[in-house]
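S.K.: This is the structure I want to talk about, given as structure tokens.
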Amino acid sequence: MKKSWIIIIAVVVVLFLTYGWLKGAYNEMVNKSAAVKAQWSQVENVYQRRADLIPNLVNTVKGYATHEKETLEGVIEARAKATSVTIDANHLNPQAMQKFQQMQDGLSQALSKLMVVVERYPNLKANQNFLELQAQLEGTENRIAVERRRFNQETQAYNVYIKMFPRNILANMFGFSVKPYFKAVKGAEKAPQVKF
């Protein structure tokens, strides 16, 4: 009789410990997934800040560089494309990330072309409004880099956590999948020159 009680108690303890581990692992996966989603929101936030600065920048340049209609329209078009692509944080996947990055890179290239045009207009480069927009744009580009790095760090922590055995079994059971990283595009090793 005593032996059966010991076996029952041992089984209950093992079940309790297993339940505790499962609950803790699952909750940590949820927590890390939420951290990735929150950081993605920050990435979108800084990209939106950049997009919000562009109309003011274009209007300031437009006042000085009336002959540069094609370049200005290119920036406006690239901004429209970049802001039209959004990714639901619940559905981060490599294809969506690649499309998002392509549109943002297109906007960066259009801005670079605009800054080359600005070099031809010394009065514009001395304009206080333009100088303030320049400082804000530079700050925003730095924020974009910081938030992308933080996103990749959160994504790495999440991905490593769900890939480790035996949590990978739980992750597959509960539908936790690997999240994509921001990756450098070809030619990204050469920083774009933004000259004001």
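The values are calculated or read from the model by the stated rules, or taken from the named source; none is laboratory data. The structure displayed is predicted, hence computed values, not measured ones. Methodologically, a virtual Cβ is constructed for each residue, glycine included, from the backbone with ideal geometry; neighbour enumeration extends over all protein chains shown.
S.K.: Taking only the range 1-18 into account, find how many residues are aromatic (Phe, Trp, Tyr) and modelled with pLDDT of 90 or more. Before the answer, list the steps.
M.R.: First, pick out the residues of the range 1-18 that are aromatic (Phe, Trp, Tyr): 5, 16.
Checking the rest, the ones that are also modelled with pLDDT of 90 or more come to 16.
Looking only at that region, the number is 1.
S.K.: Please determine whether any residue of the range 102-119 is among the acidic types (Asp, Glu) and either more than 19 Å from the chain's Cα centre (by Cα) or at pLDDT below 85 (or both).
M.R.: Start the filter on the range 102-119 by keeping residues that are among the acidic types (Asp, Glu), which leaves 105, 119.
Now narrow it down to the ones that are either more than 19 Å from the chain's Cα centre (by Cα) or at pLDDT below 85 (or both): 119.
Within the range 102-119 (the criterion being among the acidic types (Asp, Glu) and either more than 19 Å from the chain's Cα centre (by Cα) or at pLDDT below 85 (or both)), the answer is yes, since at least one residue qualifies.
S.K.: Looking at the range 156-167, is at least one residue out of contact with any Phe, Trp or Tyr (no Cβ under 7 Å at 6 or more places or on another chain), at pLDDT 85 or above and closer than 30 Å to LYS62 by Cβ? Walk me through it before giving the result.
M.R.: Let us first name the residues in the range 156-167 that are out of contact with any Phe, Trp or Tyr (no Cβ under 7 Å at 6 or more places or on another chain), namely 156-161, 163-166.
Restricting the remaining residues to those that are at pLDDT 85 or above gives 156-161, 163-166.
Among the residues that remain, those that are also closer than 30 Å to LYS62 by Cβ are: none.
Among the residues of the range 156-167, not one is out of contact with any Phe, Trp or Tyr (no Cβ under 7 Å at 6 or more places or on another chain), at pLDDT 85 or above and closer than 30 Å to LYS62 by Cβ, which makes the answer no.
S.K.: Okay, next question. List, please: which pairs have Cβ atoms under 6 Å, are six or more places apart or on different chains, and start with a residue in the range 72-97 that is under 16 Å from ASP52 (Cβ atoms) and free of Cβ contacts under 8 Å to residues at least 60 places away in the same chain and end with one that is small (Gly, Ala, Ser) and part of a helix (DSSP H, G or I)?
M.R.: That search, which allows pairs on different chains as well, returns VAL75/ALA110; ALA78/GLY106; ALA78/ALA110; ARG79/ALA51; THR83/ALA51.
One line per residue, one yes/no per condition, for (1) touching a residue at least 40 places away in the same chain (Cβ under 8 Å); (2) farther than 14 Å from ARG49 by Cβ; (3) in contact with an Asp or Glu (Cβ under 8 Å, 6 or more places away or on another chain):
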position	(1), (2), (3)
ARG120	yes, yes, no
ASN123	yes, yes, no
ALA126	no, yes, no
THR140	yes, no, no
ALA145	no, no, no
THR155	yes, yes, no
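S.K.: Which condition number in (1) without any contact (Cβ under 8 Å) to a residue 60 or more places away in the chain; (2) surrounded by fewer than 16 Cβ atoms within 10 Å (Cβ to Cβ) is the one that LEU22 fails?
M.R.: The single condition LEU22 does not satisfy is (1).
S.K.: While we're here: If you go through the range 157-178 one residue at a time, how many are without any contact (Cβ under 8 Å) to a residue 60 or more places away in the chain, over 17 Å from TRP40 (Cβ atoms) and not small (Gly, Ala, Ser)? Reasoning before the result, please.
M.R.: Within the range 157-178, the first condition is being without any contact (Cβ under 8 Å) to a residue 60 or more places away in the chain, and the residues that meet it are 159-160, 163-166, 168-169, 172-173, 175, 177-178.
Pick out the ones that are also over 17 Å from TRP40 (Cβ atoms) and you get 160, 163-166, 168-169, 172-173, 175.
Next, from what is left, pick out any that are not small (Gly, Ala, Ser): 160, 163-166, 168-169, 172-173.
Within the range 157-178, residues that are without any contact (Cβ under 8 Å) to a residue 60 or more places away in the chain, over 17 Å from TRP40 (Cβ atoms) and not small (Gly, Ala, Ser) number 9.
S.K.: Sticking with this structure for a sec: With the requirement that a residue be of a type in the set (Gly, Ala, Ser) and either surrounded by 16 or more Cβ atoms within 10 Å (Cβ to Cβ) or under 12 Å from the mean Cα position of the chain (by Cα) (or both), what does the range 81-101 give you? Walk me through it before giving the result.
M.R.: Kept after step one, since they are of a type in the set (Gly, Ala, Ser), are these residues of the range 81-101: 82, 84, 89, 96.
Listed by number, the residues that qualify are ALA82, ALA89, ALA96.
S.K.: Here's another thing I want to ask about it. So, GLN39, is that one touching a Lys or Arg at 6+ places or on another chain (Cβ under 6 Å) and either within 19 Å of PRO180 (Cα to Cα) or assigned to a helix (DSSP H, G or I) (or both) or not? Show your work before the answer.
M.R.: Details: touching a Lys or Arg at 6+ places or on another chain (Cβ under 6 Å): yes; either within 19 Å of PRO180 (Cα to Cα) or assigned to a helix (DSSP H, G or I) (or both): yes.
In short, yes.
S.K.: Any idea which residue in the range 114-150 is farthest from ALA38 (Cα to Cα), counting only those that are surrounded by fewer than 16 Cβ atoms within 10 Å (Cβ to Cβ) and among the hydrophobic types (A, V, I, L, M, F, W, C)?
M.R.: Checking each candidate, the answer is ALA126.
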